[in-house]
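Colleague: Could you have a look at this structure, given as structure tokens, before my questions?
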Amino acid sequence: MGICNDISDALQKGKAKQVKEMVQQALDEGVAPGSILNDGLLAAMDIVGDKFKNNEVYVPEVLIAARAMNSGMEVLKPKLAESGVKSIGKVAIGTVKGDLHDIGKNLVRMMFEGKGIDVVDLGVDVSAEKFLEAYRNEGVQIIACSALLTTTMGEMKNVVDLFTKEGVRDKVTIMIGGAPITDSYCKSIGADIYTPDAASAADEAKKVLTAK
């Protein structure tokens, strides 16, 4: 698939305008929207994610690549809907109550989107009740909580406890991450998954969603 490879190359270099034009060109040439998504946009984000994990690229490059992906998706989204291509699942993400940091959260959101996952971004300072509301109203399979402060880590336990209290804990996967978070903390509060970086978070989310 020549043009899909070209789209992938341009996306990895963060060439948003070029990606947008090439996605349109591919559609005009009759390339299936699913192929453009999987072999072009998502394949490129996989490569960017792997490079990010291996410290070959850094946050600015990921943000630029994600922006290029979004410009390609603008053109592609209506066509994907028409052709019945669905996302692999849905995640609600937010920085927990009392915490206003969003760079990490935004990076994870972009990595999720780069795996073909629908993301409901709840923003920052998100209460346990808001996460529960997103689960009930949006039909998400994963709740992803971010915290950058040791003082707000405890809010993650509140999220887990509320889902337990409401009897829906076993129906959702709770992922946590952020600078002060560790795997042992994840286990101690009864959350399901901890990952040290955004690319790993996206890999784990994809595993969960494709296993269901």
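The values are calculated or read from the model by the stated rules, or taken from the named source; none is laboratory data. Quantities reported herein were computed from a predicted structural model and do not represent experimental measurements. Cβ: placed from backbone, ideal geometry, glycine included. Neighbour counts: every protein chain shown. Heavy atoms of the whole protein, side chains included, go into the accessibility calculation; ligands, DNA and RNA do not. Shrake-Rupley method; radii C 1.70, N 1.55, O 1.52, S 1.80 Å.
Colleague: Within 10 Å of each candidate Cβ there may be at most 14 other Cβ atoms; applying that plus a DSSP loop requirement, which GluC sites (Glu not before Pro) in region 8-72 survive?
Modeller: Qualifying residues, ordered by number: Glu29, Glu56.
Colleague: Need one word for region 136-212: rounded, prolate or oblate. Basis is the Cα gyration tensor (sqrt eigenvalues a ≥ b ≥ c); a/c below 1.5 gives rounded, then a/b vs b/c decides.
Modeller: oblate
Colleague: Taking a ≥ b ≥ c as the square roots of the Cα gyration tensor eigenvalues, with a/c under 1.5 meaning rounded and otherwise prolate when a/b beats b/c, else oblate, which class fits region 35-110?
Modeller: In terms of gyration-tensor shape, oblate.
Colleague: Could I have the simple spin-label model distance between Gln24 and Tyr185, label points 7 Å from Cα toward Cβ, reported in nm to one decimal?
Modeller: 4.6
Colleague: Also: With +1 assigned to the C-beta of every Lys and Arg and -1 to the C-beta of every Asp and Glu, and no other charges, what is the dipole magnitude of the chain about the Cα centre in debye, to the nearest 20? Working shown, then result.
Modeller: On the way: 25 positive and 30 negative charges, 56 e Å.
That gives a dipole near 280 debye.
Colleague: Sticking with this structure for a sec: Can you work out the accessible area per residue across region 152-192, with the rest of the protein chains kept in place, probe 1.4 Å, in square angstrom?
Modeller: Result: 45 Å² per residue.
Colleague: Identify the GluC sites (Glu not before Pro) of region 112-192 meeting these criteria: DSSP loop state and at most 15 other C-beta atoms within 10 Å of the C-beta.
Modeller: When the GluC sites (Glu not before Pro) of region 112-192 are filtered for loop state and at most 15 Cβ neighbours within 10 Å, Glu166 remain.
Colleague: Modelling each spin label as a point 7 Å along the Cα-to-Cβ direction, I'd like the Asn5/Thr164 distance in nm, to one decimal.
Modeller: A separation of 5.3 nm, rounded to one decimal place.
Colleague: In addition: Need one value: the accessible area of Tyr135 in square angstrom, 1.4 angstrom probe, rounded to the nearest 10.
Modeller: 40
Colleague: Run the helix sum for the chain: -39,500 (n - 2.57) per DSSP H stretch of 4+ residues, divided by residue count, reported at 222 nm to the nearest 500 deg cm²/dmol.
Modeller: -17000 deg cm²/dmol
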